[in-house]
Amino acid sequence: MMSPKRYLVWFLSVVTLAIAALVAFNAFADYYILHDRNGPSIQTVSGFERVLKPAWIDSIEPSLVFVGSSRMREGFDPVLIDPTFHVNSFDYGVSSITAYEARRFTQDALGHPSVKTIVMALDAFTGNGEAQKIGPGFDELRLTVTADGKPTPRRPLWIFTTRYLSGGAAGMHALGLYMLLQLGPGQTASDRPDLFNAYSHMTTNIFRRDLTNRDERVLRMGPWQHQQFEATLGALCHRGDVRTILFFPPDNYAMIDRYLHNDRKDFIAFKETVLADVERHNATCEGKVALFDFLNHNAITDDVLKNGRSADYIDLIHFRPPVGMRLLRRMLGNGGKDSHLGVELTGPSTTLLSGQKPD
């Protein structure tokens, strides 16, 4: 029979080895994902992104950051964006983002000196009430600043424990490593839609199922979401060194039609409220904001399935990374054939907030 002392030594040794193995695996996987040429595509993947993305943005030191929901997460792939626009980008999109998280991730991006441009989708500020302030895995201590804008105490410690000691990190690292190792020589995420859902195509069956599942859906900004949006603009007010672009994302028009049918008044009010806030912000703040509306009839939302699949959508609200490229060209001012895509509400274009075609 093992003595208590020997048992304690044995137990502590096992625990130490387990912790060392966890740290070693997380360190290896983290390095591999951040340095593999296809590694940035993992940023489009759903998993424990709330856990690791605050650590990854530190390592990547991006100049361009995308903030938003799964629409952003799946729609903007740095592997496509960086060589085309000659930037170092980071996809800070997370599944089912809350308005508070959108505000806090924006504050976190602003806390990194390398960031010069922030692009945000406004669906993050829709919903009713404060029932779910944060999503699973979100932790204030990982961000560069607190909610009131002060530096987060002991943040390096929290980032280290998050990155190397948390089960969430191990899960995301394992998933990312597995996906990257499945790619063949010369392959990218776009070649493996079976692995990278962002590159899959909406089919007729997906269209029908999604329309049924989202049949009662509305798009409205509740009072709490509005409060968080105003706080986000407040964080941007004195940041004239950062270019900020906000946009209403291009949900498939079949979905826009449901919004209009289910709650036309609040759908339009959402857009009007955002526009009024942005105009007031731009009239008084150093950090100006550009506002684009793609939530209307346009060359993307009017997508029609050809041969049973969509060229632009994964489902009715998630657009594919090639569409993200088109949107980014338009918003950065080098749209080419897409230079008239959507409406720039803070520009000289005619404002049309209903989402319908003009008469």
Task: Given (1) in a helix (DSSP H, G or I); (2) more than 25 Å from PRO153 (Cα to Cα), index of the condition GLN107 fails - done: (2)
- [ ] Determine, yes or no, whether ALA189 is among the hydrophobic types (A, V, I, L, M, F, W, C) and exposed (fewer than 15 other Cβ atoms within 10 Å of the Cβ).
- [x] no
Open item on the list: Restricting to region 110-126, give me the number of residues that are in a loop (DSSP other than H, G, I, E, B) and touching a residue at least 60 places away in the same chain (Cβ under 8 Å).
Closed with: 3
- [ ] Could you give me the residue pairs with C-beta distances under 8 Å whose first residue belongs to region 250-261 and is on the phi < 0 side of the Ramachandran plot and crowded, with 22+ Cβ neighbours inside 10 Å, whose second residue is of a type in the set (Val, Ile, Thr) and part of a helix (DSSP H, G or I) wherever it lies, and which are 6+ apart or on separate chains?
- [x] PRO250/VAL323
Task: Residue, nearest to ASN334 (Cα to Cα), within region 87-104, restricted to residues that are among the small types (Gly, Ala, Ser) and outside any helix (DSSP H, G or I) - done: SER89
TODO: Might you check whether a residue that is surrounded by 18 or more Cβ atoms within 10 Å (Cβ to Cβ), assigned to a helix (DSSP H, G or I) and either free of Cβ contacts under 8 Å to residues at least 40 places away in the same chain or in contact with a helix residue (DSSP H, G or I) (Cβ under 7 Å, 6 or more places away or on another chain) (or both) occurs anywhere in region 286-302?
DONE: no
- [ ] Output the number of residues of region 185-196 satisfying the condition of being small (Gly, Ala, Ser) and within 24 Å of PHE25 (Cβ to Cβ).
- [x] 1
Open item on the list: So PHE270 passes all but one of these: (1) hydrophobic (A, V, I, L, M, F, W, C); (2) buried (at least 22 other Cβ atoms within 10 Å of the Cβ); (3) assigned to a helix (DSSP H, G or I); (4) out of contact with any Lys or Arg (no Cβ under 6 Å at 6 or more places or on another chain). Which condition number does it fail?
Closed with: (4)
TODO: Report yes if ASP277 is touching a helix residue (DSSP H, G or I) at 6+ places or on another chain (Cβ under 7 Å), surrounded by 13 or more Cβ atoms within 10 Å (Cβ to Cβ) and either modelled with pLDDT under 95 or in a loop (DSSP other than H, G, I, E, B) (or both), otherwise no.
DONE: no
Task: Residue count, region 93-117 (criterion: buried (at least 20 other Cβ atoms within 10 Å of the Cβ) and more than 21 Å from GLY240 (Cα to Cα)) - done: 7
- [ ] Give the residue, chosen from SER59, SER3, that is surrounded by fewer than 16 Cβ atoms within 10 Å (Cβ to Cβ), free of Cβ contacts under 8 Å to residues at least 60 places away in the same chain, more than 13 Å from the chain's Cα centre (by Cα) and under 29 Å from PRO249 (Cα atoms).
- [x] SER59
TODO: Check every one of the helices (runs of 4 or more DSSP H) wholly within region 133-247 and list those with 1 or more residues that are in contact (Cβ under 8 Å) with a residue 60 or more places away in the chain, farther than 26 Å from TYR259 by Cβ and among the basic types (Lys, Arg).
DONE: 155-165
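The values are calculated or read from the model by the stated rules, or taken from the named source; none is laboratory data. Quantities reported herein were computed from a predicted structural model and do not represent experimental measurements. Please note: Cβ atoms are built from the backbone with ideal geometry, for glycine as well, and neighbour counts cover all protein chains shown.
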